[in-house]
1. Of the numbered conditions (1) loosely packed, with under 14 Cβ neighbours inside 10 Å; (2) under 16 Å from Gly62 (Cα atoms); (3) small (Gly, Ala, Ser), Ala217 satisfies every one except a single condition; which is it?
2. Scan segment 28-52 residue by residue and report those that are over 20 Å from Leu63 (Cα atoms) and in a strand (DSSP E or B).
3. Does Asp89 satisfy the condition of being at pLDDT 80 or above and exposed (fewer than 14 other Cβ atoms within 10 Å of the Cβ)?
4. Which of the residues spanning segment 63-89 are within 15 Å of Gln48 (Cα to Cα) and in contact with a Pro (Cβ under 6 Å, 6 or more places away or on another chain)?
5. Looking at the structure I just gave you, is Ile9 assigned by TED's automatic domain parsing to the domain that holds Ser110, under 25 Å from Ser74 (Cβ atoms) and surrounded by 15 or more Cβ atoms within 10 Å (Cβ to Cβ)?
Amino acid sequence: MNSTLSTIIVDDEALARKGLQVRLTDFDDINVVATCSNGSEAIASISQLQPDLVFLDIQMPGLNGFQVVEELSSLGCNMPQIVFVTAFDQYAIKAFDIHAIDYLLKPVDSARLGLAIEKVKHYKEHAKDSLHKEKLVKLVSEVTGNDTTDILEQLANNTPVSMSSYSDVLAIKDVGETSLVPTKDILCIDAAGDYMCVHTSSGTHILRKTMKELEEALDPKLFLRIHRSSIVNKTYIDKFGNHANGEYYIILTNDKELKVSRSYKDKVKQAILG
């Protein structure tokens, strides 16, 4: 049996991809067949090359690592062994330990990388691919909120695995660190040029993302777009009204006033007044 593991590296950061690729040259049983800079490239390469192993970054623009797994499942692809790569601390990723899905923390440690590869080889040698897939399904279920039975049924019927819930944290990268901001603590978000200002009761976080991406990532049951450059948490809306000039506004519980644009006025009235 061929002991070499065909491998794909997926990370949106070029230095992270190159660094991991260099570290993997120390392992004779690893053959890197492709590197990908985003989720879409990853899905195409994995579908075509059917690697044994994928090092998959979680936090990427566009499709994140979990969504890549979902898409591969819905396409019915042979699921490779997945080692997630993340900047999250160990407390934030306890789900990986629970489901025995391996992961690497950035920056990647060579000794820890070796242990991950040994675990992957163990799975392959003992024909545990089905168990690996089952654990991936459980992890995706925990992240998306879908029931595992529903996911397995959707996979059996070759239908897409849908997202039934939204993440309860917003991951914000900043100078090598990732802050996990609970979405329930977000008061509002407004645009400042190419950046988004995420306001919480304890402070403001700066995020490089588009307003559209944030709107799609946040639960619409909780968050409301009120302007092309503003999203608010409905929990913290205190007042809704209009000025003498006809402009509408909302006031949050911290007394912050935000303008409601004409194009969003009716949607906001419906969401607040019913």
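1. Tallying (1) loosely packed, with under 14 Cβ neighbours inside 10 Å; (2) under 16 Å from Gly62 (Cα atoms); (3) small (Gly, Ala, Ser), Ala217 fails exactly one: (1).
2. Let us first name the residues in segment 28-52 that are over 20 Å from Leu63 (Cα atoms), namely 28-33, 52.
Ile30, Asn31, Val32, Val33 - these are the residues of segment 28-52 that are over 20 Å from Leu63 (Cα atoms) and in a strand (DSSP E or B).
3. Working: at pLDDT 80 or above: no; exposed (fewer than 14 other Cβ atoms within 10 Å of the Cβ): yes.
Taking the combined requirement at face value, the residue does not satisfy it.
4. If the condition is that a residue be within 15 Å of Gln48 (Cα to Cα) and in contact with a Pro (Cβ under 6 Å, 6 or more places away or on another chain), then Pro80 is the only one that fits.
5. Details: assigned by TED's automatic domain parsing to the domain that holds Ser110: yes; under 25 Å from Ser74 (Cβ atoms): yes; surrounded by 15 or more Cβ atoms within 10 Å (Cβ to Cβ): yes.
When the stated conditions are applied, Ile9 passes them.
Here's the yes/no breakdown for (1) closer than 19 Å to Lys106 by Cβ; (2) outside the structural domain of Gln81 (by TED's automatic domain parsing); (3) touching a His at 6+ places or on another chain (Cβ under 9 Å); (4) crowded, with 16+ Cβ neighbours inside 10 Å:
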{"site": "Lys18", "(1), (2), (3), (4)": "yes, no, no, no"}
{"site": "Val32", "(1), (2), (3), (4)": "yes, no, no, yes"}
{"site": "Ser37", "(1), (2), (3), (4)": "yes, no, no, yes"}
{"site": "Ala42", "(1), (2), (3), (4)": "yes, no, no, yes"}
{"site": "Pro51", "(1), (2), (3), (4)": "no, no, no, yes"}
{"site": "Ile58", "(1), (2), (3), (4)": "yes, no, no, yes"}
{"site": "Phe66", "(1), (2), (3), (4)": "yes, no, no, yes"}
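The values are calculated or read from the model by the stated rules, or taken from the named source; none is laboratory data. Predicted, not measured: the structure shown is a model, and the values here were computed from it. Here the Cβ is made from the backbone with ideal geometry for all residues, glycine too, and neighbour counts use every protein chain on show.
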